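Presented below is the structure to which this report refers.
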Amino acid sequence: MQRLQAFKYELMPTGEQQRLMHRFAGSCRFVFNQALALQQANREAGGKFIGYVAMARQLTAWRNSTETVWLKEAPVHPLQHALKDLEKAYRNFFEQRADFPRFKRKGQRDSFRYPDPKQIKLDQANCRIFLPKLGWLRYRNSRPVLGELRNVTVSLSAGKWHVSIQTRREVETPLPQGRAVGIDLGIARFATLSDGTVYAPLNSFKRHETALRKAQQAMSRKVKFSVNWKKAKARIQRLHARIGNARRDYLHKTSTAISQNHAMVCIEDLQVRNMSKSAAGTTEQPGRNVRAKSGLNKAILDQGWFEFRRQLDYKLAWRGGWLVTVPPQNTSRTCPCCGHVSADNRQTQARFACVECGFEDNADVVGAINVLRAGHARFACEVSGEVMPPAAGTHRSDSGAAQCRA
């Protein structure tokens, strides 16, 4: 089987290379925004969507124009790929997988991609990589790059430039290892497995919330766009980067441990966006318990449930396993002993006590057991072929959401 994998490293560019990378990222952002404005004007005029080929001809006109002649200083392939990114964003919108494309802003996710591997040279022995119009750049070689080089993405995060090298290689088809397990995700406990294993929450945002609030207050007292304001903004960016890096590191370690020891993982199909919606309401109908709901929303988003599910999906696929998603309804209210469903079964957040048969256990463990049983039933339906076809565009883990035929 073929495996696509990305290897990310921190770059160590010179001052001139940093200035060029800022220009290239700005050029790609300009092309994306110009193309998006052109698409919107064409749409308001009643025209059809402009395809990539026509937009590429428009890019040539922009590069030859006297007003935007500076676009010629940037490599053409990253500019063309910015148009492909816009086309992909529109396709996701038309297929109802994402919201309408938005204009990019300077300083937010600045990046550009080299899609042609023939123009890229990788010298791992000397920890350097060659990129068009940038020359040789040194990088921190923390691990070897495996496989055939496909493309390279250069990105800026918290004042540091990184390079992500995507490769493709042939690997042996793995055999799944271990048994099936169900996972109940929460806040007091990040993940509770059906075998009783518990993973405590990291709460990386909560740990740095006080420092982040003080840094934001200090920034609000500075004159906007002054030198001190930029220093304060850089400090906030570093704090956000530290929070994100700690969360991703914890999720990678947890998902790796689970995927290595289990052949099938059953997890709830949680709609995080709906669960973390604001309760403020409107002026006519103000919400209730807004402060408590705001704290709950921060705690939910601090866990990174969707990223955890995404990592489990591809790591299990790499090891030949399966990720099965099940509806979350009544997983914590159903008795695993007698099957009685009632809200009274879970009178507290941590304790489950069935009012029908008297079965008692930790509520999170009970939820994980019910998720595992629902996952087994869903997987059996899929294997037997008695499954409704999934919606177009759903990824591998969403295939478990199909309904069995009666």
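The values are calculated or read from the model by the stated rules, or taken from the named source; none is laboratory data. Model, not experiment: these values are computed from the prediction. Cβ sites come from the backbone with ideal geometry, for glycine too, and all protein chains shown count toward neighbours. Keep in mind that these areas ignore ligands, DNA and RNA; they rest on the heavy atoms of the full protein, side chains included. Shrake-Rupley method; radii C 1.70, N 1.55, O 1.52, S 1.80 Å.
Across region 134-176, the number of residues qualifying as without any contact (Cβ under 8 Å) to a residue 60 or more places away in the chain, hydroxyl-bearing (Ser, Thr, Tyr) and open to solvent by 40 Å² or more (accessible area, probe 1.4 Å) comes to 0. It is to be established whether one or more residues within region 215-237 are within 23 Å of the chain's Cα centre (by Cα) and either among the basic types (Lys, Arg) or open to solvent by 80 Å² or more (accessible area, probe 1.4 Å) (or both). No: region 215-237 contains no residue that is within 23 Å of the chain's Cα centre (by Cα) and either among the basic types (Lys, Arg) or open to solvent by 80 Å² or more (accessible area, probe 1.4 Å) (or both).
Filter region 177-194 down to the residues that are in a loop (DSSP other than H, G, I, E, B) and open to solvent by less than 50 Å² (accessible area, probe 1.4 Å), then identify the one that is farthest from Tyr250 (Cα to Cα).
Applying the filter and picking the extreme gives Ser194.
When only residues in region 119-130 that are under 29 Å from the mean Cα position of the chain (by Cα) and free of Cβ contacts under 8 Å to residues at least 24 places away in the same chain count, which is least open to solvent (accessible area, probe 1.4 Å)? My answer is Cys127.
Within region 43-61, residues that are under 17 Å from Leu79 (Cβ atoms) reach partners that are surrounded by 10 or more Cβ atoms within 10 Å (Cβ to Cβ) and small (Gly, Ala, Ser) with beta carbons closer than 7 Å, at six or more positions or on different chains, in the pairs Met55/Ala35. Could you please find all residues in region 98-111 being touching a residue at least 40 places away in the same chain (Cβ under 8 Å), surrounded by 13 or more Cβ atoms within 10 Å (Cβ to Cβ) and out of contact with any Lys or Arg (no Cβ under 6 Å at 6 or more places or on another chain)? Across region 98-111, the qualifying residues are Pro101, Asp110, Ser111. Within region 263-308, the set of residues being touching a Lys or Arg at 6+ places or on another chain (Cβ under 9 Å), without any contact (Cβ under 8 Å) to a residue 40 or more places away in the chain and not hydrophobic (A, V, I, L, M, F, W, C) comprises Ser276, Lys277, Ser278, Gly281, Gly287, Lys293, Asn297.
Here Glu67, Glu10, Glu73 are screened, and the one residue that is open to solvent by 40 Å² or more (accessible area, probe 1.4 Å) and over 21 Å from Trp136 (Cα atoms) is Glu67.
Take the conditions (1) touching a Pro at 6+ places or on another chain (Cβ under 8 Å); (2) within 16 Å of His77 (Cβ to Cβ); (3) part of a strand (DSSP E or B); (4) not aromatic (Phe, Trp, Tyr); Lys133 misses just one of them, which is (3).
Looking only at region 49-64, filter to residues that are within 31 Å of the chain's Cα centre (by Cα) and open to solvent by 50 Å² or more (accessible area, probe 1.4 Å); which one of those is farthest from Lys133 (Cα to Cα)? The extreme case among them is Phe49. Number of residues in region 337-365 that are aliphatic (A, V, I, L, M), touching a strand residue (DSSP E or B) at 6+ places or on another chain (Cβ under 9 Å) and free of Cβ contacts under 8 Å to residues at least 60 places away in the same chain: the value is 3. Of all residues in region 304-336, those satisfying the criterion of being open to solvent by less than 70 Å² (accessible area, probe 1.4 Å), touching a Leu at 6+ places or on another chain (Cβ under 7 Å) and not in a helix (DSSP H, G or I) are Gly304, Gly320, Leu323, Pro328.
The residue of region 13-48 that is nearest to the chain's Cα centre (by Cα), among those that are surrounded by 13 or more Cβ atoms within 10 Å (Cβ to Cβ) and small (Gly, Ala, Ser), is Ala25.
Checked against the criterion of being at pLDDT 95 or above and in a loop (DSSP other than H, G, I, E, B), region 159-174 has no qualifying residue.
Only a single criterion out of (1) touching a Pro at 6+ places or on another chain (Cβ under 6 Å); (2) modelled with pLDDT under 90; (3) under 18 Å from Leu193 (Cα atoms) is not satisfied by Ser332, namely (1). Here are the criteria: (1) touching a His at 6+ places or on another chain (Cβ under 6 Å); (2) modelled with pLDDT under 95. Tell me which single one Lys106 does not satisfy. Of the numbered conditions (1) touching a His at 6+ places or on another chain (Cβ under 6 Å); (2) modelled with pLDDT under 95, the odd one out for Lys106 is (1).
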